[in-house]
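Notes for the one structure printed next.
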Amino acid sequence: MLRNTPAFILNPLQALGRYSQLLFHAFGAIPEFGTYRKNLWEQMVRIGVESLPIVMMAAAFSGAVTTVQTSYQLVFPLIPKGIIGAIVVPSMILELGAVVTGFILAGRVGARIAAELGTMRVTEQIDALEAMGLNSIGYLIVPRVVAGIVMFPVLYVAACFVGIGGGMLVGDLGGFVPIGEFVDGAREFFQPFDPLFGVIKSLVFGFTITSISCFKGYYTKGGAEGVGRATTQAAVASCVFLLLADLVLAVILL
Amino acid sequence: MKYSNEIKVGVTIILATVVFILGVRYFEDLPLFNSTYGLTAEFDNAGGLIAGNIVRVNGVAVGSVNAVYISEESGKVIVDFHVDKNIPVTEGSEAVVAGFDALGVVRLELKLGDPNVPRIPEGGLVSGLNPGDLIGQMTERAPEMMDGADRVLGQLEGVLAEANTMLASPESDFRQTLRAVQGSVDEVETLLSEERERISDILGNVDRLTADLDTAAGEDGEAVTALMDRLNTMMTTLDADLESYSATNEQLQEILRKLNDGDGTLGMLINDPSMYHRLDSTLTGINALVADFQNNPEKYLKEMKLVDLF
């Protein structure tokens, strides 16, 4: 029966199956802390700490742009200017902080993971690891995914901090809304669940990006060209599934 | 100096955690480093209050609402909130939900009690004043009110349109009536101004009469009663008389009808012109005779001689 099933159905199913299998093995390897301990810190620095500057820069700009754009759109004179803060802060916390960070990480981290693992695969380094008796999944994939899950919320917090700060600063300097009014408006509509939702989102995004990239890289085939293809696919698939996860989380939790 | 990866990661995570907690506290309008203490208030109606709304004392933000939920036992609204530890929320303090639900800007206002009494303990109950949620009530009742206003306005419009038409047409009864009324009023006015003295005299007389009557009635109640009895009898008699008069009148009418129709001798006399003509011709004859007598008296006096003879 499967022979007659068209490839466009079969291939995604096959990919899903292999992805699940990989994750299953990865979860099984989590207790083997000794295998990936050193590698974990390395990945946390590369995925988290080293991503901070680009993430913060992007967040600062998106916060600033949101402020300017909101004040541009709020032309009705009766609306207090504090509403700008009440729109910018939740936007940043609920959506932009996590999604902007996610896109940057999909490009920066996802591509790097896929390229690394792909190259290791095509140069048979992974086979060598296995031959040495190391659990390659535990050694290569677990630290990357765990680093992604742990460090993404950190990046998210940084993005929100800088993004809201950038919005406030540009709003004040640009004469759109004084910082005091901005903060008052934001406080008026602030809900403690919003940042929690953002953290949950960033955990899911961190897992989605790193696991998909690991999957694409780990199963790379066909030399340098295959590595290139895997890298592209990792970045694109990370972005697509990140948006999907974004929607699903919003529907479930909000 | 080269830091190990562990230190870099640890510092980053700790910094992020601190920023996260302080950031949330900042936007929850809590003091960043001061500790807070939790309180509870009970309301019949939360008026749109939600978790995260600001708690204010005299217009100053001092904390925020943690949770708003319905008590399972009493069915009342329970509001958990926390305020800055330095705020003396003493016994007798009151909480009230303020602000405009429609604009989404709702706050919990705390009215502090006497500063000399002990503070409400951590987690204690602040008595909740139930707000006259005026705007909310108005918003709820607005559609009804609008419908009513709409109906009334529609009717008013119809009435006004009709009145307009009536007023516009000079032939309309309304206008004529108004004119007539105006005329009457003018006349009455003239009359009043002309006859002021007399009216005042009349009124004076009426006054006196009433007074006299009063006195009479008071002094001589029996006599008045007797008088009234006699008047009554008289009225009865008069009534009977009027009845017979009425009968007489009918008979008279009958006679007159007959006269008119020429029935009976009198009728013929009145209605037959031949009698008149005869009388007329007789009178003409008598006239001619008299004229002739004047002109030729001798002709008749010859006969008078016979009289002379006597």
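Given the criteria modelled with pLDDT of 85 or more and either within 14 Å of another protein chain (Cβ to nearest Cβ) or assigned to a helix (DSSP H, G or I) (or both), does residue B:78 qualify?
no
So which of B:43, B:27 ends up being touching a Pro at 6+ places or on another chain (Cβ under 9 Å) and within 13 Å of residue A:190 (Cα to Cα)?
Among B:43, B:27, only B:27 is touching a Pro at 6+ places or on another chain (Cβ under 9 Å) and within 13 Å of residue A:190 (Cα to Cα).
Being over 14 Å from residue A:23 (Cβ atoms) and of a type in the set (Val, Ile, Thr) is the filter here; which residues of region A:107-145 pass it?
Those that are over 14 Å from residue A:23 (Cβ atoms) and of a type in the set (Val, Ile, Thr): A:109, A:113, A:119, A:122, A:123, A:126.
Filter region A:171-182 for residues that are within 14 Å of chain B (Cβ to nearest Cβ) and surrounded by 16 or more Cβ atoms within 10 Å (Cβ to Cβ); which is modelled with the lowest pLDDT?
Ranking the candidates gives A:181 first.
So that you can scan it fast, the table gives a plain yes or no per residue for (1) over 27 Å from residue B:9 (Cβ atoms); (2) surrounded by 19 or more Cβ atoms within 10 Å (Cβ to Cβ); (3) away from chain B (no Cβ under 14 Å):
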site: A:25; (1), (2), (3): no, no, yes
site: A:41; (1), (2), (3): no, yes, no
site: A:47; (1), (2), (3): no, yes, no
site: A:66; (1), (2), (3): yes, yes, yes
site: A:69; (1), (2), (3): yes, no, yes
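Taking only region A:78-134 into account, find how many residues are buried (at least 24 other Cβ atoms within 10 Å of the Cβ) and in contact with a Cys (Cβ under 7 Å, 6 or more places away or on another chain).
Looking only at that region, the number is 6.
Filter region A:183-200 down to the residues that are within 11 Å of another protein chain (Cβ to nearest Cβ) and not aliphatic (A, V, I, L, M) and list them by number.
Result: A:184, A:185, A:187, A:188, A:189, A:190, A:191, A:192, A:193, A:194, A:195, A:198.
Filter region A:144-170 down to residues that are of a type in the set (Val, Ile, Thr) and more than 13 Å from the chain's Cα centre (by Cα) and give me whichever is farthest from the other protein chains (Cβ to nearest Cβ).
A:170
From the list A:226, A:217, pick out the single residue that is away from every other protein chain (no Cβ under 14 Å), among the small types (Gly, Ala, Ser), surrounded by 18 or more Cβ atoms within 10 Å (Cβ to Cβ) and outside any loop (DSSP other than H, G, I, E, B).
It is A:217.
Check residue A:190 against each of (1) crowded, with 16+ Cβ neighbours inside 10 Å; (2) assigned to a helix (DSSP H, G or I) and name the one condition it does not meet.
(2)
Under the condition of being touching a residue at least 12 places away in the same chain (Cβ under 8 Å) and facing chain A (nearest Cβ under 7 Å), which residue from region B:1-40 is nearest to residue B:110 (Cα to Cα)?
Across region B:1-40, the extreme among qualifying residues is B:29.
The values are calculated or read from the model by the stated rules, or taken from the named source; none is laboratory data. Here the structure is a predicted model, which is why all the values come from computation and not from measurement. In this analysis, Cβ positions are derived from the backbone assuming ideal geometry, glycine residues included, and neighbour counts consider all displayed protein chains.
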